[in-house]
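Let me begin by presenting the structure, written as structure tokens, before commenting on it.
Since every read-out is calculated from the coordinates, none of them should be taken as a lab result. These numbers come from a predicted model, not from an experiment. Heads up, the Cβs are rebuilt from the backbone with ideal geometry, glycines too, and the neighbour counts pull from every protein chain shown.
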């Protein structure tokens, strides 16, 4: 039950929802939403709604996955059955396994695993509503949830999608642009550092275009990073700070 | 060698996020909660900065309890073997309490079941005797304060906020003890045991401290709150 292909994806130099080429959908970030999780966060790109929860470090079970030298990261990405127009079959699918794996590899770049040997850190990413860029929203939420859980990290991970529609490079694709655009690429970077930890692309593209898209993604990731930082600082913004009793 | 100017970029007790640069140059050293990368010292956890001499570190605002030698902890007896108990101490690592460290007398294992000392489900206040490199935690009851906790109620708070609940030289916890006339034991692992008539008031005030732990002048605020409610 997909919405039919619109005649044009770009009208008078603007995208269908009235955005400029290098503009995000409204971003909403919340940290510490779930009380029973050690760390949690919500990250929204317009209609894409990702919720992440972190448990741990906790004793690793089954025991054979324990590593006597360092902690183990376990990521689980899943889409809620009601998240798209067509019902998603609950449980793991090929796609969920793949995304869980790429999220795991991206997050593994920043976590200090040596601090907690023999333990496991569980990261759950649940997509409550999907409208393209779910892995980016999920990754942003997961990195915030890890910070909220007090897990030692080198930096946050910021992620956004870029794409090409009708020959234009655009930032943060929505569902329609994802389905009918030419190229769709997910990029994740280590905070404000110039290091890419996730890069996935779908479509046909020239080298020049790819480099241009990466430039746009870089600017996008820095903007996301600022938003994440702001959300974390807001959580503890109550007057003067003094912890040492 | 290229010279980098050594300076601290953050204020004392400033909220920082992972990856935030705390200081530059080689004149400063990272302590807990921070790490060095090239010429910069960066935070690795969400928390408040702490500076002592040349050390720059971060006090965490969240996180799990990692046992240290000498800590007093409250644990739940989880399992029992012939000569030892396995104790859950609210940490990723379970602790063990061997018979010799738990009981001061000779125990004839042929005649006695060790559940007469501690049984599964019991709550104990114990000291961490040692933490091995492979994170094997052993407990001891050879301390005048350690004992089995009977009755009362248990509270769980974030382990990093325990120093705040205790206060400077125990000022905060003494205040609550005096006002509520309760027995209170605070474990370093974030588990608190309260027993007395005004358990409700005591637990309420401890939870308030946990919630507002990053605010200054908390002791005065708590004293007013207890004054009002306790009468």
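Only DSSP H runs of four or more residues enter the estimate; each adds -39500 (n - 2.57), and after division by the residues of chain A the mean residue ellipticity at 222 nm equals -9000 deg cm²/dmol. Counting only Cα atoms, the stretch B:106-167 measures 47, 35, 22 Å along its principal axes, largest extent leading. Shape analysis of the stretch B:7-60 based on the Cα gyration tensor places the equivalent ellipsoid semi-axes at 14, 11, 9 Å, largest first. All Cα-Cα separations within the stretch B:95-215 were binned at 5 Å from zero, giving a P(r) of 2, 10, 18, 19, 18, 13, 11, 6, 3, 1, 0, 0, each value a whole percent of the pairs.
Roughly what angle does helix B:199-211 make with the longest principal axis of chain B, taking Cα atoms, 0 to 90 degrees, to the nearest 10? Roughly 20 degrees between the two axes. Its alpha carbons give the protein assembly as shown an Rg and a Dmax of 25.9, 91 Å. Against chain B, whose longest principal axis is taken from its Cα atoms, helix B:218-230 shows a tilt of about 40°.
If packing is taken as the average count of other Cβ atoms within 10 Å, what order do B:149-155, B:188-194, B:22-28, A:5-11 fall into, highest mean first?
Highest-to-lowest ranking by the protection proxy: B:188-194, B:22-28, B:149-155, A:5-11.
Compared with the direct C-alpha span, the chain from residue B:12 to residue B:86 gains 22.6 nm at full extension, assuming 0.36 nm per residue. To the nearest ten degrees, helix A:134-148 and the longest principal axis of the Cα atoms of chain A are 30 degrees apart.
The shape of the stretch B:51-110 can be summarised by an equivalent ellipsoid whose semi-axes, obtained from the alpha carbon gyration tensor, come to 35, 14, 7 Å from longest to shortest. Using the Cβ-Cβ distance between residue B:181 and residue B:79 with R0 = 30 Å, the FRET efficiency computed as 1/(1 + (r/R0)^6) comes to roughly 0.25. Using only Cα coordinates, the Kirkwood hydrodynamic radius of the stretch B:153-230 works out to 12.1 Å. From largest to smallest, the equivalent ellipsoid semi-axes obtained for the stretch A:14-234 from the alpha-carbon gyration tensor read 29, 18, 17 Å. So the label point goes 7 Å from the Cα of residue A:210 along Cα→C-beta, right? Which residues of the stretch A:140-168 then have their backbone N under 19 Å from it? Of the residues in the stretch A:140-168, A:160-165, A:167-168 have backbone N under 19 Å from the label point off residue A:210.
Can you pull a Stokes-Einstein diffusion coefficient for the stretch A:122-217 at 4 °C (1.567 mPa s), Rh from Kirkwood over Cα pairs, as a whole number of µm²/s?
92
Can you tell me how much longer the chain between residue B:219 and residue B:197 gets when fully stretched, taken as 0.36 nm per residue apart minus their C-alpha distance, in nm with one decimal? Value of the extension gain: 5.7 nm. For the pair residue B:140 and residue B:55, what calculated FRET efficiency results from E = 1/(1 + (r/R0)^6), where r is the Cβ-Cβ distance and R0 = 30 Å, to the nearest 0.05? Here the calculated transfer efficiency is 0.45. Calculated over the stretch B:72-149, the projected area of the Cα convex hull averaged across directions stands at 5.0 nm².
Grab the beta carbon distance between residue B:133 and residue A:94, set R0 = 25 Å, and tell me the FRET efficiency rounded to 0.05. Here the calculated transfer efficiency is 0.05. Relative to its Kirkwood radius, the Cα radius of gyration of chain B gives an Rg/Rh of 1.06.
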